Every structure is written in structure tokens, then in C-alpha cells.
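To start, the structure under review is shown below, and the notes come after it.
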Amino acid sequence: MRTLFLTLFLGCLSVAAFSQTAPTQKIGYADWDYVFSQMPDYKRIDNELKTHGTQLENQLKAKYQDYDTKLKAYQASAPTMVDAVRRDKELELTQLQESIQKFQQDAQTSLQNKQNTLMEPVFAKVGKAIEEVAKENGYTFILNPQLMGGGDILLYSDEKYDISDMVLKKMGITPQAVKTN
């Protein structure tokens, strides 16, 4: 979604740059990471995600312990086992390994789905506040200086165009002096 936004934005900038009749554009930016870090909703969501992740991690550890216990028992008694029993134990261990792998994949999906579900209303709230602040202050474009993967969209940005604190105030949040760029 951010890539689509960036593409559309750059396309709009190109059109505006080549148009001689285009009015002056006012561009600002809002640092999503900073805005989110100031929101009580985000802190609650972060705690919920950590709790959910810990629960999944504990379940995975239990599965590993069960597998390890059965593997050690198999290794200890394998030399004296009848072939049919040995094959049965090996099949059981293989199925446990597959079960662990499937659980890991399902746990990742579960955590991602929970994050998406919890963050969707926060994204909507912040997006609405950004739109309102932009309209109230005459901005044509608002950028996020952070791309996924840590790259910046902006090579240079003037702090006076950072609307992050205005967005927080619009949502009724008093910004704390923790911002770092």
C-alpha cells in the first residue's frame, strides 16, 4: 500500500513539476512511528501483541519439549526395539516435527492477523487526523519519511513541515518530548 502511495505521489509530483500553470504545492510530512509511539491505543496494542506472541511461544516450547522427550526415549531404546515398533516411533517423531513446523507457520499467521485486526482502526484514526490537519493547514501532500525497510522517502525535510504533533493534538494526545530523527 505504501509503495502504491509512493508511486501515485511521485506521479502527481511529476505532473505538477511540468505544468506551468500549477499553483505552488505545500508539502508536509508526518512520522508514523513517532505518532504511533505517542498513542495510548498503540501501547495497548503492542502489549496485546506481546502477550499473544508469548502465549504462542510457550505453546511452541511445549511442543519442542514433547518432541525432545520422545526423541531421547527413542534414541535410548532404539537398539533393542523390534523393527515394527522402531518404524512406528520414527513415524511418530516425523509427524511431531511436521506438527511443529505447521504450528510455527500458523503462529506467524495468527500474530500477523491479530496485528492487522488491532492496527486497522488505529491506521484509520491517524489517517483521518492527517487528512484533517492537511486540509486545515493548506497542505497539498503529506509524506511519511519512513518507508518499509527503513529507507526514507525524503532526502531533505524541514522540521517546520512536520505535522506529527498537530496530528497527535487532533486526536487529543499531548505529544511528549521523545521524538528523534
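Which residue pairs have Cβ atoms under 8 Å apart, sit 6 or more places apart or on different chains, and have a first residue in the stretch 164-176 that is in contact (Cβ under 8 Å) with a residue 40 or more places away in the chain and a second that is polar (S, T, N, Q) and in a loop (DSSP other than H, G, I, E, B)?
Short answer, once both residue conditions are applied: LEU168/THR174.
If you take the residues of the stretch 40-73 that are in contact with a helix residue (DSSP H, G or I) (Cβ under 7 Å, 6 or more places away or on another chain) and among the hydrophobic types (A, V, I, L, M, F, W, C), which of them is nearest to ASP165 (Cα to Cα)?
Only one residue fits best here, namely ILE45.
Which one is farthest from the chain's Cα centre (by Cα) among residues in the stretch 108-121 that are surrounded by 13 or more Cβ atoms within 10 Å (Cβ to Cβ) and either closer than 16 Å to ASP66 by Cβ or not hydrophobic (A, V, I, L, M, F, W, C) (or both)?
SER110
Out of all the residues in the stretch 74-87, which are surrounded by 12 or more Cβ atoms within 10 Å (Cβ to Cβ) and not hydroxyl-bearing (Ser, Thr, Tyr)?
Those that are surrounded by 12 or more Cβ atoms within 10 Å (Cβ to Cβ) and not hydroxyl-bearing (Ser, Thr, Tyr): ALA78, MET81, VAL85, ARG86.
Suppose the filter is among the hydroxyl-bearing types (Ser, Thr, Tyr), farther than 30 Å from GLU132 by Cα and either modelled with pLDDT under 90 or assigned to a helix (DSSP H, G or I) (or both); does SER110 pass it?
yes
Among ASP41, ASP66, ASP33, which is at pLDDT 90 or above and in a helix (DSSP H, G or I)?
Just a single option satisfies the conditions, and that option is ASP66.
What residue, among those in the stretch 132-148 that are touching a Ser or Thr at 6+ places or on another chain (Cβ under 9 Å) and closer than 19 Å to PHE36 by Cβ, is modelled with the lowest pLDDT?
MET148
Restricting to the stretch 149-172, count the residues that are assigned to a loop (DSSP other than H, G, I, E, B), modelled with pLDDT under 90 and surrounded by 10 or more Cβ atoms within 10 Å (Cβ to Cβ).
Going through the stretch 149-172 one residue at a time, the tally reaches 6.
The values are calculated or read from the model by the stated rules, or taken from the named source; none is laboratory data. What you are looking at is a predicted structure, and each value in this text was computed from that prediction instead of being measured. So basically every Cβ, Gly included, is an ideal-geometry build from the backbone, and we count neighbours across all protein chains shown.
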